[in-house]
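Each remark here refers to the structure printed beneath this line.
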Amino acid sequence: MPRLRSATRLYSEGASAAPEQQQAQSKEESKHDKATEATPAAAAAATTEAAADAVPWYLRSSETYTQLNPALNEPIPEFPENAPESLKTLVTEMIRELGFTNVTFIDLRNRTPVSIFGADAILILATGNTERHIGRGTNGLITFIKHNFNVVPSQEGIQTSGFLKVQRRRLKKKAKKLANADETFSYSAEASRFANNWVVLDTKVDSLLVHMMTPEKREALDLEYVWAEDPALLEEQRRLQLEQEESAEADLDHQQNQQSSSSSPFSTQGSIRGYHTYTVNKRWFSSQAPRLNLTQASSSSNMPPVPNNNTQKALDIAAIKGDYKTAIALAQSSADQDSVLKAHINYLFSAQPALLTNESDVVKSFFSEFPKMPTKKDHRLRLQFLVKAHELNPSVFRLRALEEHLINQQASGLLVDIADVELVLSAIVSSKEYDSPDKTPFQISRKKSRVAYYMFKDVLRPQGTDLSYNIYQLLFRLWLDVPELSLAQALKNPAPARDETTGEVIVERVPVLTPQAVTLFKFLRTSPRRMNQSVIYLALTAFANDNRWSYFFNLWHTIDKNLAFDNELFTRVAALVVKSGNCDAMLTFFETILQKQLMANPFLLDKDLAAIVKEGLLVLDPSENGFKHIREAVSIASL
């Protein structure tokens, strides 16, 4: 009961105090009403504030839709002269709907010689914000092209998020079984994380090709410089633009410094912070002036003089030109060591010295400038130097030196990745170290294969990762000889070769396929989407040369089943079949493959393909009794 009495007492005290509070509140409200009545402006402001509170929050924004959507603010670039309408349609869709920025064009029309993409090709370069943005934008652009142009574009470089998740999960399971599981998995996950940083889309519309890249990848590739008609002019334009931007930025910083110095309590002369700043600046100037050829008059403020960017620009230019002596003279710190090493490498590419030995000045200079504590990037530059030196003089700079370099890199604690192995294997494939008139091509291939075998045996790969398809394709090239039946010759003159004495068609040729190449091809055929175009052409040529037509047509059926129809590839297949002179192969091609394609597209034959088919009909059916449907298509295409 004591608790109940105390609670009752508190309630009664609160109730007795309530009237007093109500009286005080009523007095304050009456004062506020009088003040409001006395000031009409305050009353109007209160009315406006009340009306603003009545508007929902989602209707209060004064910004327009254009200001809120950055894609609508991105300017449409100026199109090339006589550009097709499809280019304008695609670029507008990419900018306004898909959100790509910094769209530029590389016009490959009227280039001499004609580019590999054709005489009417135009490259579209666009920047995406992230890898995910590029992946979604690519899918959106593919859908747009399908619906508006009725074609199925082909893409390269995109991997879906589901595929990457499965890949990372499998790598993690595999890495758990190894000793270096954490290191291997982190390396593999990091490599797969940038899967969509560069996507190429062949639109199949007016020879338009789209490159979508992240800002970092676009800066690293610099395709504008690669395809520039005048690289020197482009460099000069970039230099002027950079100077203008730096000048504008310096002016802005100067204005901000002046404004901040006038209001800063530490900017007055004699202040403690100002004294320390002046002391540091003076010490910095006294130590750097002799080396940079600066004078006290060159600095008009207490800020330390910033080293001129002209030195760095001159160093970069010397590295590009291959002027390694100038690069050594301009190098100021260890950070410039990469430019010095690159200058030596570019000297080998540009100067092409006739006789390169270990006593050559550029070789001695490179190894003297090579850092004592090299990084992985330094090892890569050294490997590139050795590869180019081997190409110039294989008798002195042998393939064994490349293998020893990888072993030393591994011994220093730096892992040898797949890119290093690919570089060395590419050098082995194109090497002329074992070339000799006394050796057959198979003997040369066997010696190169032995070097590649010991490289894989001695150089430890990062465990938990498979060999890349590039390595398999390089091995396929290694185990092939140069065929007598060439694709370029077949396209130029598809008529079968004939014996000068008898006039009969030559069918048998020197074989170029080794058992290792056939076995490796069976493995490569399991994933045709990852075979590049050059390997496909090389395999087709080798099979046609060796009269292995079962492999030839199986490869064609696999490509036709998994990839979109390519008229250029179909023309090359027809040229190889006709040029081989094998009647059985031509009969199979005409009756099954060509008839099927003509039923799907009666206007398949162009003038080049019609000329190839006509040469085949002259050998296969000289009396012109059969293949009426094909002859009609040839006559229509020849008009």
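The values are calculated or read from the model by the stated rules, or taken from the named source; none is laboratory data. Please read all numbers here as calculations on a predicted model, not as lab measurements. Virtual Cβ from ideal backbone geometry, glycine too; neighbours counted across all protein chains shown.
A few remarks follow.
- Just one residue in the set 429, 416 is in a helix (DSSP H, G or I) and hydrophobic (A, V, I, L, M, F, W, C); that residue is 429.
- When the residues of the range 434-448 are filtered to those that are surrounded by 13 or more Cβ atoms within 10 Å (Cβ to Cβ) and out of contact with any Ser or Thr (no Cβ under 7 Å at 6 or more places or on another chain), the one that is nearest to residue 481 (Cα to Cα) is 441.
- Filter pass, residue 492 being exposed (fewer than 12 other Cβ atoms within 10 Å of the Cβ) and under 33 Å from the mean Cα position of the chain (by Cα): no
- Members of the range 588-639 that are among the small types (Gly, Ala, Ser) and touching a Leu at 6+ places or on another chain (Cβ under 6 Å): 633, 637
- Count of residues meeting criterion [more than 28 Å from residue 499 (Cα to Cα) and touching a strand residue (DSSP E or B) at 6+ places or on another chain (Cβ under 8 Å)] in the range 534-584: 2
- The selection criterion, being touching a helix residue (DSSP H, G or I) at 6+ places or on another chain (Cβ under 8 Å), at pLDDT below 80 and exposed (fewer than 15 other Cβ atoms within 10 Å of the Cβ), does not hold for residue 525.
A quick yes/no check of all residues on (1) among the basic types (Lys, Arg); (2) more than 22 Å from residue 226 (Cβ to Cβ); (3) at pLDDT below 90; (4) not assigned by TED's automatic domain parsing to the domain that holds residue 395:
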position	(1), (2), (3), (4)
291	yes, yes, yes, yes
302	no, yes, yes, yes
320	no, no, yes, no
323	no, no, yes, no
330	no, yes, yes, no
336	no, yes, yes, no
357	no, yes, yes, no
365	no, yes, no, no
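- Residues being touching a residue at least 24 places away in the same chain (Cβ under 8 Å), in a helix (DSSP H, G or I) and within 19 Å of residue 415 (Cβ to Cβ) - total across the range 350-386: 9
- Screening residue 228 on (1) surrounded by 13 or more Cβ atoms within 10 Å (Cβ to Cβ); (2) part of a helix (DSSP H, G or I); (3) modelled with pLDDT of 75 or more shows it passes everything except condition (2).
- Pairs where the first residue, in the range 112-141, is more than 15 Å from residue 90 (Cα to Cα) and in the same structural domain as residue 79 (by TED's automatic domain parsing) and the second is among the polar types (S, T, N, Q) and not in a loop (DSSP other than H, G, I, E, B), C-beta under 7 Å, 6+ apart: none
- Flag if residue 596 is within 22 Å of residue 566 (Cβ to Cβ), among the basic types (Lys, Arg) and surrounded by fewer than 19 Cβ atoms within 10 Å (Cβ to Cβ): yes
- The set of residues from the range 129-170 being of a type in the set (Gly, Ala, Ser) and over 17 Å from residue 97 (Cβ atoms) comprises 154, 157, 161, 162.
- A single entry from 63, 93, 74 fulfils the requirement of being among the charged types (D, E, K, R), within 21 Å of residue 131 (Cβ to Cβ) and at pLDDT below 90: 74.
- Where a residue in the range 233-250 is modelled with pLDDT of 75 or more and its partner, wherever it lies, is in a helix (DSSP H, G or I) and acidic (Asp, Glu), with Cβ under 7 Å and at least six apart: 234/224
- Flag if residue 209 is touching a strand residue (DSSP E or B) at 6+ places or on another chain (Cβ under 7 Å) and either farther than 22 Å from residue 418 by Cβ or modelled with pLDDT under 85 (or both): yes
- Test result for residue 628, without any contact (Cβ under 8 Å) to a residue 12 or more places away in the chain, more than 20 Å from residue 493 (Cα to Cα) and within 40 Å of the chain's Cα centre (by Cα): no
- Subset of the range 501-554 [in contact (Cβ under 8 Å) with a residue 12 or more places away in the chain, assigned to a helix (DSSP H, G or I) and charged (D, E, K, R)]: 529, 530
- Residues considered: 579, 607, 596. Of these, the only one that is of a type outside the set (Ser, Thr, Tyr) and without any contact (Cβ under 8 Å) to a residue 24 or more places away in the chain is 596.
- Those residues of the range 576-607 which are out of contact with any Lys or Arg (no Cβ under 9 Å at 6 or more places or on another chain) and of a type in the set (Gly, Ala, Ser), in sequence order: 585, 600
Yes or no, residue by residue, for (1) surrounded by 20 or more Cβ atoms within 10 Å (Cβ to Cβ); (2) among the basic types (Lys, Arg); (3) at pLDDT below 90; (4) closer than 27 Å to residue 630 by Cβ:
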residue	(1), (2), (3), (4)
510	no, no, yes, no
529	no, yes, yes, no
536	yes, no, yes, yes
555	yes, no, yes, yes
561	no, yes, yes, yes
580	yes, no, no, yes
